[in-house]
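Taking it in order: structure first as structure tokens, then the write-up.
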Amino acid sequence: MGKKVNKVVLAYSGGLDTSVILKWLIVTYGCEVVTMTADLGQEDDLNGVDEKALKTGASKAYVEDLREEFARDYIFPMLRSGAVYESRYLMGTSIARPLITKRLVEIARAEGADALAHGATGKGNDQVRFELSAMALAPDLRIIAPWREWDLMSRTALNAFAEQNGIAVASSNKHYSMDRNMLHCSFEGSELEDPWEEPLAGSHVMAVPVEQAPDEPEYITIGFERGDPVSVNGEAMSPARLVMTLNAIASRHGIGRVDMVENRFVGMKARGVYETPGGTLIHVAHQDLEGITLDRMTMRIRDQILPAYADAVYNGFWFSPEREAMQALIDKAQERVSGTARLKLYKGTAWPVGRESANTLYCHDLATFEECATYDHKDAAGFIKLNGLRIRGYKKMK
């Protein structure tokens, strides 16, 4: 276990795993434990979670409302990049980890703690995300990952430990391993471990099954300033309220569900179902608005770095120099991305049907099929001839 630990700040949800971890840290390390529970808009009832932590042995329990910071400083920068991991995943779990770690570090500094602890398992990506973020922000703090140290390797063992140590655990028939915040809800485990099996009804939390979506389409508008969404249907909203509003709209149309097998950073393939209703609407609207506000080469250069940006977020390198450098380029490109996109929502799909911007690069006089005084069709002949020089030369050499 290394040198003695005096005080640990634990990322705490109040569920079975972190409740056991709280007591296990006290028993195993003989240390003081401070808990931090983050409200990221997951819509869980957090009332009493601090009392439960104190009853389990914590010396102090923080419950932090991080919703606006999460949306403004983490979700929005990621969404304005346009990055998607492996072409499908909007990285709802990934983007929450750096903020949770940041707040853990801030509390550790305020409390004089010398270690952080988390409940991520040794098989997943979250252990990497928590610990890389901690190394970037507070390399002097020790990190304790109980799942890599203890011998409590089953739910039966965890329940037995809880019972032996007087930890109240609510009876649960939890079907999946789930993670939820305002941006998404993820599902892993159970039938999802067989890539052939269709997800069961329990994997619908934030979006209704498409069969239950309305039979009539709905139209909405999303307003943007410098790449960030700022209004829905003309009403200005704070970042967190905007995301939650779009969640409610997209949810009733069954929008934002992805069922995929992805490549985890730790090396294995894993199948998951992700619901990202409001985030999907933002992504679709933002991408469309870029079509009239970004010039071709700026968009192309930005697009070239998106796989690397997505990897940085997914793999836990949010606080890395490369992500920050890419963000600077992305944010510079987004200075023109202001305007409004109009979406049509229907049966699990959102697609753009209109867009406008004071910064539009679209010129009707140039694009029209009618007569245009500003464009001479004859000019195209020279353009084509010059672009064909290398092709003609290449064919001649063969």
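The values are calculated or read from the model by the stated rules, or taken from the named source; none is laboratory data. Please read these numbers as outputs of a predicted model, since none were measured by experiment. Positions of Cβ are backbone-derived with ideal geometry, glycine not excepted, and every protein chain shown enters the neighbour counts. With ligands, DNA and RNA removed, areas are computed over all heavy atoms of the protein, side chains included. Shrake-Rupley method; radii C 1.70, N 1.55, O 1.52, S 1.80 Å.
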Check: Summing +1 for each Lys or Arg and -1 for each Asp or Glu, what net charge is found among the other residues whose Cβ lies under 10 Å from the Cβ of ILE167?
Finding: +2
Margin query: Accessible area of the chain with a 1.4 Å probe: how many percent of it is carbon plus sulfur?
Written below: 52
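Once you keep just the Cα pairs under 8 angstrom separated by 6 or more residues, what percentage relative contact order results for the chain? Before the final figure, lay out the partial values.
On the way: 705 pairs, mean separation 68.9, N = 398.
Relative contact order, the chain: 17 percent.
Using only the alpha carbon atoms of the range 224-313, find the Kirkwood hydrodynamic radius as the inverse mean reciprocal pair distance, in angstroms to one decimal.
Details: mean 1/r = 0.0655 Å⁻¹.
Taking the inverse mean of 1/r over all distinct Cα pairs, the range 224-313 comes out at 15.3 Å.
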Notebook entry, point to check: Near LYS7, which aspartates and glutamates are there with a Cα under 20 Å away, not counting those fewer than 8 places off in the same chain?
Noted result: ASP17, GLU32, ASP50, GLU51, GLU64, GLU106, GLU111, ASP114, GLU131, ASP140, GLU149
Notebook entry, point to check: What share of the DSSP beta bridges in the chain is antiparallel, in percent to the nearest 5?
Noted result: 65
Margin query: Cut-off 16 Å, label point 7 angstrom out along Cα-to-Cβ of ASP379: give me the residues of the range 343-363 whose amide nitrogen falls inside.
Written below: 362-363
Next item on the list: Please report how far the C-alpha centroid of the range 159-210 lies from that of the range 237-282, rounded to the nearest whole angstrom.
Entry: 16
Next item on the list: Place +1 on the Cβ of every Lys and Arg and -1 on the Cβ of every Asp and Glu in the chain, take the dipole about the Cα centre, and give the residue among ALA373, GLY48, LEU242 whose Cα lies farthest towards its positive end.
Entry: ALA373
Margin query: Keeping all protein chains in the complex and leaving out DNA, RNA and ligands, what accessible area do you get for LYS4 with a 1.4 Å probe, in Å² to the nearest 10?
Written below: 130
Note to self: Per DSSP helix of 4 or more residues, -39500 (n - 2.57); summed, then divided by the residues of the chain. What does that give at 222 nm, rounded to the nearest 500?
What the structure shows: -12000 deg cm²/dmol
Next item on the list: Send over a whole-number figure in Å² for the accessible area per residue of the chain, probe 1.4 Å.
Entry: 50
Next item on the list: Over the Cα atoms of the range 5-82, compute the convex hull volume and normalise it per residue, giving Å³.
Entry: 111
Next item on the list: On the full set of protein chains, 1.4 Å probe, figure out the accessible area of HIS204 and give it in Å² to the nearest 10.
Entry: 60
Margin query: Give me the mean projected area, in nm² to one decimal, of the convex hull enclosing the Cα positions of the range 118-179.
Written below: 5.5
